[in-house]
Amino acid sequence: MIELLIVGDGPGDTATVPHLVGRILGVNVRATFKHWARIHREGSGKGYRKKLLFAMRQAVDADATGLVMTVDVDNDPQGRKLKELCNARDEARQSAPAFPTAFGEANVHAEAWLLDDRVAVRQGLRLVGGHPIPNVRDVDSPKEELEQLRRQSERCADSISAVLTDIARLVEPSSSRCPHWKETGFHRFAEEVRQELGPLVKQCGSDCPGGDACVCKEQPRAGEV
């Protein structure tokens with residue numbers, strides 16, 4: 001089990017990102033989620049450097065062992081946010097010990113990472129094997145496509161958040177299951193998560209507070225959140 005503070009753009013990120021991180025690392029994740037707007041309201045100040053430093057402090061105060069921050073391309077087509085965050089992280093590490101911090105940029109938003117895994121979508125929505133799932137490259141809004149698929153499925157009465165969560169729990173972070181993951185930004189996010197947060201998982205061994213009963217040992221590939 002690792003504890004993270006996750007900052008994202010909206011409900012879709014809340015429902016998916018913690019579970020995707022768990023799938024990438026192969027461990028259970030306990031996450032506290034905050035929206036970018038809330039970080040600003042709580043006094044982070046303007047600019048992504050200040051927001052990053054503010055979120056790091058909040059993560060430490062919450063006893064989280066790592067920080068994850070995601071942005072969407074649909075709100076930032078030039079990739080300015082991600083560049084500012086990476087620069088701010090590099091700058092912060094010049095004067096203080098590195099705090100595990102992973103960034104993700106979803107193209108166009110986090111739902112694209114889900115739609116690209118057709119197996120996870122079909123299983124999460126309990127669709128028959130032949131039910132068509134659109135190619136993520138051919139749709140303008142993966143968010144709307146998943147909503148339409150929900151309406152067509154036997155899970156039409158369930159909330160979209162519940163559906164997104166269940167699909168995220170089933171996503172396989174690989175090119176075989178997510179053939180366009182470099183285009184959607186999922187590949188880079190997975191690399192960031194493994195590089196920044198992977199060492200936290202390695203610590204979950206003999207020194208794990210859960211000892212031999214640690215859920216990470218019981219379900220090393222579950223990725224449950």
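The values are calculated or read from the model by the stated rules, or taken from the named source; none is laboratory data. This structure is a prediction, so every number in the text was calculated from the model and none was measured. When we count neighbours, we look across all protein chains shown, and the Cβ atoms used for this are built from the backbone with ideal geometry, even at glycine.
When the criteria are applied in full, residue 11 meets the requirement of being of a type outside the set (Phe, Trp, Tyr), at pLDDT below 95 and in contact with a Ser or Thr (Cβ under 7 Å, 6 or more places away or on another chain). Among residues of region 156-178 being among the charged types (D, E, K, R) and assigned to a loop (DSSP other than H, G, I, E, B), the one that is farthest from the chain's Cα centre (by Cα) is 158. For region 138-155, the set of residues classified as hydroxyl-bearing (Ser, Thr, Tyr) and either assigned to a helix (DSSP H, G or I) or surrounded by fewer than 18 Cβ atoms within 10 Å (Cβ to Cβ) (or both) consists of 141 only.
If you filter region 59-93 down to residues that are within 18 Å of residue 12 (Cβ to Cβ) and in a helix (DSSP H, G or I), you find that the one that is modelled with the lowest pLDDT is 75.
Going by the conditions given, is residue 108 in contact with a strand residue (DSSP E or B) (Cβ under 7 Å, 6 or more places away or on another chain), assigned to a loop (DSSP other than H, G, I, E, B) and free of Cβ contacts under 8 Å to residues at least 60 places away in the same chain?
yes
Within region 1-37, the set of residues being surrounded by fewer than 23 Cβ atoms within 10 Å (Cβ to Cβ), assigned to a strand (DSSP E or B) and not β-branched (Val, Ile, Thr) comprises 3, 30, 31, 33, 34, 35.
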